[in-house]
Ligand SMILES: Nc1ncnc2c1ncn2[C@@H]1O[C@H](COP(=O)(O)OP(=O)(O)OP(=O)(O)O)[C@@H](O)[C@H]1O
Ligand SMILES: [Mg+2]
């Protein structure tokens, strides 16, 4: 982070916790997401990464504490979007998947097609525009999910392990896209359990284990000088629970 | 009409010559059944979708009840509407008993549980995979239901065809509320049921052939529909 520069807060979480049926899944935690930065949520399987992203996006409501985000952009569009761990493809063509999302945020009908085509071109999917989205490969589906989210012009984009099921070349492609989005000023909050990916992409890191926020720091600090034994073990490749 | 020729030959003659009485029966049957299915679709598709996406106390009981209604014996439905529509019944004032309208109402009631139950099942499956995403892009329940109904349209068409199949094949309900009046409420199934015993084998057999043909067409349509659905939507 450029030091003496005050940057806006894109998302602010305070004392948020979450439980289902009396089982505590997310223990009280507080943190902020700074505008324009890439926050990577790290943690082993079952740490609570997906839950945390759903809570931040508003798909789940915390049992206690607050999540502050501006749901609506001044221009009326939704200010944040989410890409899921397993892409959710509508039973429609690739193009119609994008126009449907645009229509949902009340983009005027006359602009739907143009903006959808723009998004598909941007992510190299125009050649597949008329194909049923569900018949695309895993990598193509994930790319479409990102294109569809990008089309909504979010300020803040949540991504839940966007490359978990992809091969190395598809992973590189997605990472390059995320780097571009970052360059355009989109704030990213993504989860991964891939340490290499976190090193390549993260500005800031949240390290979760067993539903608790164990460490929150800038990426360099986290990887070079982890403060907790759990983080050290995770970085060393030893599983923590 | 049929001398000593075999009933089968006579039946084919009826079909081939578009015998007016014969054609009339087929037309009335199709009109009644198609109208009934459209009515059931109009009510059942939105209700089924609503049932799929909403959560309320007693929802499971409603689902079980509707599934049970799918197996309702047509004669019981017929009897119920006979009592409702007969002159002394609560709806007697409309004078609908022994009219095509009564048969439409009875058949729609038979088809409705099928449409609701199959719609609910189909939409619920799709909703399970769509729910988080649709919420994520900020869709309210009404928009979500429209999205689901549209994306499930091929499966839903199959549900309507299943309803059409049941309505075409049933005798009991239309016989009781329609009365099998020649030229007015005589349907294919009621004609077969009653004309056979009166010895008009040719008419019964001809109608039977048409019924089998319709069943084949309906099944072919349902099959084609699911194939188109996969090719179209994945
Ligand atoms: N609806 C639920 N009901 C009960 N437990 C749940 C529910 N959703 C998640 N959990 C539990 O909460 C914990 C965290 O789940 P979560 O999906 O957030 O993990 P994760 O960090 O994303 O893991 P992964 O890397 O495998 O995706 C898990 O132990 C999971 O079993
Ligand atoms: Mg997860």
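Each value in this text was obtained by applying a stated rule to the coordinates, not by laboratory testing. Remember, it's a predicted structure, so these values are computed and weren't measured experimentally. Note: ideal-geometry Cβ built from the backbone for every residue, glycine included; neighbour counts use all protein chains shown.
Taking the alpha carbon gyration tensor of region B:147-195, what are the square roots of 5 times its eigenvalues, largest first, to the nearest whole Å?
32, 9, 8
Could you please rank B:201, B:156, placing first whichever residue has the fewest other Cβ atoms within 10 Å of its Cβ?
B:201, B:156
May I ask for the distance between the Cα centers of region A:157-231 and region B:66-123, given as a whole number of Å?
After rounding, the separation between the Cα centres reads 60 Å.
Nearest 10 degrees, 0 to 90: what angle lies between the long axis of helix A:109-122 and the longest principal axis of chain A (Cα atoms)?
Between helix and principal axis, roughly 60 degrees.
Could you please rank A:96, B:125, placing first whichever residue has the fewest other Cβ atoms within 10 Å of its Cβ? Write out the running numbers ahead of the final one.
Details: A:96 21, B:125 14.
The fewest-first ordering by Cβ neighbours comes to B:125, A:96.
Region B:143-157 to region B:1-51: how many Å between their Cα centroids?
Using only Cα atoms, the two centres lie 29 Å from each other.
Compute the distance in nm between two label points, each set 7 Å from the Cα along the Cα-to-Cβ direction, one at residue B:128 and one at residue B:212.
According to this spin-label approximation, the distance is 4.0 nm.
Taking chain B as a Gaussian network, where each spring joins two C-alpha atoms under 10 Å apart, which residue of B:86, B:197, B:29 fluctuates the most?
Among B:86, B:197, B:29, the largest GNM mean-square fluctuation belongs to B:197.
Measuring from a point 7 Å past the Cα of residue A:176 along Cα-to-C-beta, which residues in region A:117-139 have an amide N at less than 12 Å?
A:123-124
Two-decimal Rg/Rh of chain B from alpha-carbon positions, Kirkwood Rh?
Value, to two decimals: 1.06.
Translational diffusion coefficient, Stokes-Einstein: compute it for the protein assembly as shown using the Kirkwood radius over C-alpha pairs as Rh, at 25 °C and 0.890 mPa s, and state it as an integer in µm² s⁻¹.
The calculation lands on 93 µm²/s.
If you average the sequence gap of Cα pairs under 8 Å that are 6 or more apart and divide by the length of region B:49-128, what percent do you get for the contact order?
46
Using Cα-Cα distances under 8 Å and only pairs 6 or more residues apart, what relative contact order does region A:190-241 have, in percent? Display every interim value, and only then the final one.
Details: 46 pairs, mean separation 13.8, N = 52.
Dividing the mean separation by the residue count of region A:190-241 yields 26 percent.
For region A:78-154, treating each Cα as an identical point scatterer without solvent, what Debye log10 I(q)/I(0) comes out at q = 0.15 1/Å?
-0.42
Within a 10 angstrom radius of each residue's Cβ in B:134-143, how many Cβ atoms of other chains show up on average? Whole number is fine.
Mean partner shielding for this stretch: 6.
Stretched out fully, how many nm does the piece from residue A:165 to residue A:70 gain, at 0.36 nm a residue minus the Cα gap? Before the final figure, lay out each step's value.
On the way: separation 95, 0.36 × 95 = 34.20 nm, distance 3.10 nm.
Using 0.36 nm per residue and subtracting the Cα-Cα distance, I get 31.1 nm.
Obtain the radius of gyration and the Kirkwood radius of region A:169-241 from its C-alpha atoms and give Rg over Rh.
We get a ratio of 0.99 for region A:169-241.
What is the calculated FRET efficiency for residue A:131 to residue B:13, with r their C-beta to C-beta distance and R₀ = 51 Å, to the nearest 0.05?
0.45
In Å, what Rg and Dmax follow from the Cα atoms of chain A?
Values for chain A (Cα only, Rg and Dmax): 18.0, 56 Å.
Top mean-square fluctuation among B:64, B:77, B:111, Gaussian network model of chain B, C-alpha springs under 10 Å?
B:64
So for A:148, B:227, fewest C-beta neighbours within 10 Å to most, what's the order?
Fewest-to-most Cβ neighbours within 10 Å comes out as B:227, A:148.
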